[in-house]
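Notes follow the structure.
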Amino acid sequence: MIMIITIDGPAAAGKGTLAKNLSQKYNYAYFDTGMVYRAVGLEMYLQGKDLSDQDSALKIAQNLTFEHMHELAQNPDFRSALGGKNASIVSAYPEVRAALLKMQQDFATAPVFADGTPAQGVIYDGRDTGTVVCPHADVKFFITASAEVRAERRYKEFLQKGMKADYEEVLAEVKARDERDANRATAPMKPAADAIIFDTSNLNINEVTEKACEVIDEKQKR
Ligand code: DC
């Protein structure tokens, strides 16, 4: 049986790092679901479409393939602040979300690593993976931290990548993104009823990973 683990939470809470640590430790495939929305947002931008043009966003979502998503991921704007903002805007369109759902769910039926090797489990990271994408996941985590702590982490990440950044701007963007992601009508970001919640404001990533592993190991014993 394929083990499904979901990690949801706001931007820069540490979901990606936790997901990568867990996928290494358990040898499970990893699906960063923010990529599907980043791909649609970036394609809108590259095609010169207005982000409010929901029909164009829907067409792009309907035609999105894994291959094209990975090609788009090579573009510097895929991971930039602009890329995150555009992703958050298009992700609020219910039809866009519906069009991208199957692609995300199908991954769990036959998860694979980047080189195509099959995996015995999958780690999802996103905003609604425990609530909508995989409501029947075996283990669900919700990772959060204060907006200030998350902005500080994102700010340092941008500087490390050699990108220009201003802390106050990053903080404002983190807060604006939280607001959009948590208050949209369809699949708003929220912990699943059965999610285990970690606040990483005062925990480092190794401590979070250790706690998550305890939960997973316990689940696997049963
Ligand atoms: O995790 P991220 O920063 O790459 O996500 C970019 C945006 O995509 C995020 O602001 C909201 C949206 N998103 C979503 O709505 N549902 C998901 N499962 C993942 C991301």
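Details
- Residues of the stretch 142-157 with amide N under 19 Å of the 7 Å Cα→Cβ point at GLN24: 157
- Build a GNM of the chain with springs between Cα atoms under 10 Å apart, and of MET163, MET44, MET103 the one that fluctuates most is MET163.
- Summed over the residues of the chain and divided among them, the accessible surface reaches 50 Å² per residue at a probe radius of 1.4 Å.
- In nm, spacing of pseudo-spin labels at GLN120 and ASP138 (7 Å Cα→C-beta vector): 0.9 nm
- Highest mean first, the peptides 35-41, 105-111 sorted by other C-beta atoms within 10 Å per residue fall in the order 35-41, 105-111.
- Each Lys or Arg adds one and each Asp or Glu subtracts one; over the other residues with Cβ under 14 Å from the Cβ of VAL215, this totals -1.
- A cut-off of 5 Å between modelled amide H atoms, ignoring neighbours fewer than 5 places along the same chain, links PHE142 with ASP8, ILE196, ILE197, PHE198.
- Using the average count of surrounding beta-carbon atoms within 10 Å as a protection proxy, the listed peptides 113-119, 185-191, 135-141 rank, highest first, as 135-141, 185-191, 113-119.
- Using a simple spin-label model with pseudo-atoms 7 Å out from Cα toward Cβ, GLN54 and LYS219 lie 3.4 nm apart.
- With all protein chains modelled, accessible area of TYR93 [1.4 Å, Å²]: 30 Å²
- In the complete set of protein chains, residue-level accessible area for LYS219 is approximately 70 Å², probe 1.4 angstrom.
- Ligands, DNA and RNA left out, the 1.4 Å accessible surface of the stretch 1-126 is 53% carbon and sulfur atoms.
- Percent of beta bridges antiparallel (DSSP, the chain, rounded to nearest 5): 5 percent
- Rounded, prolate or oblate (a/c below 1.5 giving rounded, otherwise prolate when a/b exceeds b/c) for the chain by Cα gyration tensor: oblate
- Centre-to-centre separation between the Cα atoms of the stretch 159-222 and those of the stretch 52-73: 25 Å.
- Listed residue pairs exceeding 22 Å between alpha carbons, taken from LYS20/LYS164; LYS49/LYS85; LYS59/LYS190: LYS20/LYS164; LYS59/LYS190
- Using the Cβ-Cβ distance between LEU159 and GLN74 with R0 = 22 Å, the FRET efficiency computed as 1/(1 + (r/R0)^6) comes to roughly 0.55.
- Anisotropy class of the stretch 152-222 from Cα gyration tensor, a/c 1.5 cut: oblate
- Net length available on complete extension from THR186 to ALA110 is 24.7 nm, with 0.36 nm assigned per residue and the Cα-Cα distance removed.
- Measuring nothing but how far apart in sequence close Cα pairs (under 8 Å, 6+ apart) lie, relative to its length, the chain scores a relative contact order of 34 percent.
The values are calculated or read from the model by the stated rules, or taken from the named source; none is laboratory data. Computed from a prediction, not measured in an experiment: that's the story for all the values here. Cβ atoms come from the backbone with ideal geometry, glycine included; neighbour counts cover every protein chain shown. Ligands, DNA and RNA are stripped out before the accessible areas are found, and what is left, the full protein with its side chains, is counted by its heavy atoms. Shrake-Rupley method; radii C 1.70, N 1.55, O 1.52, S 1.80 Å.
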